[in-house]
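Trainee: Take this structure, written in structure tokens, and hold onto it; I'll ask about it next.
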Amino acid sequence: MRCQPHYGHQVYIWLKNVQICLLCDEQTDTGFPICTACETELPWLIDQCERCALPLPMTGLTCAQCTRRAPAFNEVIAAWLYDFPIDALVTRFKHQAKWPLGRLMAELLGQSLQHRFEEGLARPDIMIPVPLGRKRLRQRGYNQAAMLANWLGRQLQLPVNERLIDRVKETPAQQGLDARARKRNLREAFVLVEPAGVRGKHVALIDDVLTTGSTADTIARLLVEAGANRVDVYCLARTPKPEG
Ligand SMILES: [Zn+2]
Ligand SMILES: [Zn+2]
């Protein structure tokens, strides 16, 4: 008769810190559920606009759009290009509730942020996730940006506040609107609930993917108008400039 449950296998895994790579199912001893080969092959974002992280052919440049009109945020830190397999991983995290994938990407983004802090990037006072509208939040059941923010907050020991900004309007119908109408549409979508909470603060806005940057720009503008002294954006991935 056996009185003890048979945990031998689990103990072995724990002792050796062996995990299974979430991308290729091979065993890995990196301490994370991703193997070195898969991690190396991720589309790491290297050459980018110094302001909005738009992928560019070489480093140290500012893109045409940011040169024409500087965004309200200071800097975007994105770990990857929104390309294979990150696009698939983000989709599975965001729309199929695959938490371990989100957790892994947050952990790797957290590592690169930590690295940047050590190199002199200013640490924010507070992190704020880009909010979802209430209706979408009810449908999806969770806000992926808030999950990322909370994982990053724990890893980097930074406070997170999910309630400072409210999304009072969904903004689904951006297609077909001209630039000015889009901007107005977006501006009316967000409300700063507690302006005193950001006054004099360095804020990091957290999102999963930065596409046009206009949502981040809109929220950053609200924060700056309320007295935030600096707004950065941390996100998993940045899309390239749309064709045409
Ligand atoms: Zn792998
Ligand atoms: Zn730019």
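The values are calculated or read from the model by the stated rules, or taken from the named source; none is laboratory data. Given the structure is predicted, the values throughout are model-derived calculations rather than measurements. Please note: Cβ atoms are built from the backbone with ideal geometry, for glycine as well, and neighbour counts cover all protein chains shown. Heavy atoms of the whole protein, side chains included, go into the accessibility calculation; ligands, DNA and RNA do not. Shrake-Rupley method; radii C 1.70, N 1.55, O 1.52, S 1.80 Å.
Trainee: Evaluate the distance, in nm, between pseudo-label points positioned 7 Å from the Cα of His95 and of Arg154 along their respective Cα→Cβ axes.
Mentor: 2.7
Trainee: Gap in Å between the Cα centre of region 206-244 and the Cα centre of region 126-188?
Mentor: A separation of 11 Å, based on Cα centres.
Trainee: Still on this structure, please answer the following. Tell me the mean residue ellipticity at 222 nm calculated for the chain from its helices only (DSSP H runs of n ≥ 4, each -39500 (n - 2.57), averaged over every residue, nearest 500).
Mentor: Dividing the helical sum by the residues of the chain leaves -11000 deg cm²/dmol.
Trainee: Still on this structure, please answer the following. What is the extension gain from Asp25 to His115, computed as 0.36 nm multiplied by their sequence separation minus the C-alpha to C-alpha distance, in nm to one decimal?
Mentor: Taking 0.36 nm per residue and subtracting the Cα distance, the gain is 29.6 nm.
Trainee: For Asp47 and Arg69, what is the calculated FRET efficiency with R₀ set at 25 Å and r taken between the beta-carbons, to the nearest 0.05?
Mentor: For R0 = 25 Å, the calculated efficiency reads 0.70.
Trainee: Separate question: Roughly what would the spin-label model give for Asp83 and Glu162, points 7 Å off Cα along C-beta, in nm?
Mentor: Calculated label separation equals 3.4 nm.
Trainee: Each label point is 7 Å from the Cα along the Cα-to-Cβ direction; what then is the distance between the points at Thr211 and Glu170, in nm?
Mentor: 1.4
Trainee: Toward the positive end of the charge dipole of the chain, about the Cα centre and with charges on Cβ (Lys, Arg +1; Asp, Glu -1), which of Gly227, Leu205, Gly102 goes farthest?
Mentor: It is Gly227, whose Cα lies furthest towards the positive end.
Trainee: Next up: Of the beta bridges DSSP finds with both residues in region 69-227, what % are antiparallel, to the nearest 5?
Mentor: Of all bridge pairs located within region 69-227, approximately 40 percent are antiparallel.
Trainee: Roughly how big is region 43-238's charge dipole about its Cα centre, with Cβ charges of +1 (Lys, Arg) and -1 (Asp, Glu), in debye to the nearest 20?
Mentor: Here the size comes out at about 780 debye.
Trainee: Count the net charge of all other residues whose Cβ sits under 15 Å from the Cβ of Asp125, scoring Lys and Arg as +1 and Asp and Glu as -1.
Mentor: That sum, taken over residues with Cβ under 15 Å, equals +2.
Trainee: Hey, how much of the P(r) for region 150-244 falls beyond 22 Å, as a percent of Cα pairs?
Mentor: Cα-Cα pairs in region 150-244 separated by more than 22 Å: 33 percent.
Trainee: Taking a 1.4 Å probe, which of Trp44, Trp80, Trp151 shows the most accessible area, and what order do the others take after it?
Mentor: Values: Trp44 80, Trp80 0, Trp151 35 Å².
Listed by decreasing accessible area, they come as Trp44, Trp151, Trp80.
Trainee: Right, something else. For the chain, what does the relative contact order come out to in percent, with C-alpha contacts under 8 Å and a separation of six or more?
Mentor: Normalised by residue count, the contact order of the chain is 20 percent.
Trainee: Ignoring ligands, DNA and RNA, what percent of the 1.4 Å accessible area of the chain is carbon and sulfur?
Mentor: Carbon and sulfur atoms account for 51 percent of the accessible area of the chain.
Trainee: Rg (Å, one decimal) plus Dmax (Å, integer) for the alpha carbons of the chain?
Mentor: Spelled out, the Cα radius of gyration and Dmax of the chain are 19.6, 77 Å.
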